[in-house]
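Written below as structure tokens is the structure these notes are about.
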Amino acid sequence: MLQKAADEIDSDTPRLDAELLMAQATGWSCTSLRAWPERRLTDEQEETFERFLARRMAGEPIAHILGQQEFWSLTLKVNSATLIPRPDTECLVETALALALPVDAKVLDLGTGTGAIALALRSERPSWQVTATDVVPEATALARFNAEQLGLTVDVVHSHWFSELRPERFNLIVSNPPYIEADDQHLNEGDVRFEPRSALTAGADGLEDLRLIISQAPEWLAPGGWLLVEHGFDQAAAVQELFTAAGFDAVASHQDYGQQDRLTLGQQRAAKSNHYPLQLQEPTGC
Ligand code: GLN
């Protein structure tokens, strides 16, 4: 039954998809499915599996059918209100964790969606104070649900990027914003067809939201603080220019698991020690 299902699924990973759907339909683990492939399903399990299979064959993402997605070491609830967390975004988490930051760093995740980045960071650094924003109310609800479910403290704020935040200075700002060009053809293929456009596209060149985030971030960063963003595989040069224009130091790009430039980061200049030229005082003795 598994192999027949796998043959019908149009996906890069048809066998795995079939196993995941059968595991969900039966409550059995993938390991036990592989160990006892001849085990018979009850009529009810079979019906559920057939329904899942039909949805997958219509192109619906596995994560939406299962209602969850693994990210970092966390199982996150997902739904069609926001982006399904991608493995490549784990590179952003790794890069953030490698930065030298205060033990009690204040960290902001803009456009958190499921809460993936914010929750992964908080799970690794329990002493960080993590704030996460999203403009979509269903996404903030989802991020709060995931935080509660995982027992991780993240302050989730309903906000369009920085707009509703209380004035504060962060040591690290991270974001995986929408960055796909509005008329990109791959929006008509695969999982992205089932994800909200607002989480994927940002203007004709895909840089609209990155421009806003990068230009406003300096007002929200502490001296020496970092901004780290994910972007399209061909946007590193443009994004680096935006960082430099906004006055960032140490601007650099990093690759994702597919060796594509996918992340760019920069550091807020440390505060100048003295804005005024030092006045050499004449001795005022009599
Ligand atoms: N990396 C995702 C994709 O190409 C898009 C993520 C995003 O827009 N932030 O499907």
Exercise. Sequence-distant or interchain residues sharing an amide H contact under 5 Å with residue 262, placed H: which?
Worked result: 254, 255, 256
Problem set entry | Computed over the range 203-274: relative contact order in percent, which uses C-alpha pairs under 8 Å that are six or more apart | 36
Seminar exercise, completed: Here the net charge surrounding residue 157, from other residues whose Cβ is less than 10 Å away from its Cβ (Lys, Arg +1; Asp, Glu -1), is -2
Exercise. What translational diffusion coefficient, in µm²/s and rounded to a whole number, does the Stokes-Einstein relation yield for the chain at 10 °C and a viscosity of 1.306 mPa s, taking the hydrodynamic radius as the Kirkwood radius over Cα pairs?
Worked result: 76
Problem set entry | Ranking of 17, 249 by count of other Cβ atoms within 10 Å, fewest first | 249, 17
For this session: Would you please name the GluC sites (Glu not before Pro) within the range 23-87 that are DSSP coil residues with at most 11 other C-beta atoms within 10 Å of their C-beta?
Result: 38
For this session: Show the residues, 5+ positions off or on another chain, whose built amide H is closer than 5 Å to the amide H of residue 201.
Result: 180
Problem set entry | Percent RCO, i.e. relative contact order, over the chain, from Cα pairs under 8 Å lying at least 6 residues apart | 13
Seminar exercise, completed: Connecting every pair of Cα atoms under 10 Å apart in the chain and solving the GNM, the largest mean-square fluctuation among 49, 243, 162 falls on 49
Problem set entry | Convex hull volume of the range 165-262 per residue (C-alpha atoms, cubic angstrom) | 110
Exercise. For the chain, what is the calculated [θ] at 222 nm in deg cm²/dmol (nearest 500), taking -39500 (n - 2.57) for each run of four or more DSSP H residues and dividing by its residue count?
Worked result: -10000 deg cm²/dmol
For this session: Using only alpha carbons, build the gyration tensor for the range 1-65 and give me the equivalent ellipsoid semi-axes, biggest first, whole Å.
Result: 17, 13, 10
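Every read-out reported here was derived from the displayed coordinates using simple, explicitly stated rules and does not represent laboratory data. These figures come from a predicted structure and were not determined experimentally. For neighbour counting, all protein chains shown are included, and Cβ atoms are generated from backbone atoms with ideal geometry for every residue, glycine included.
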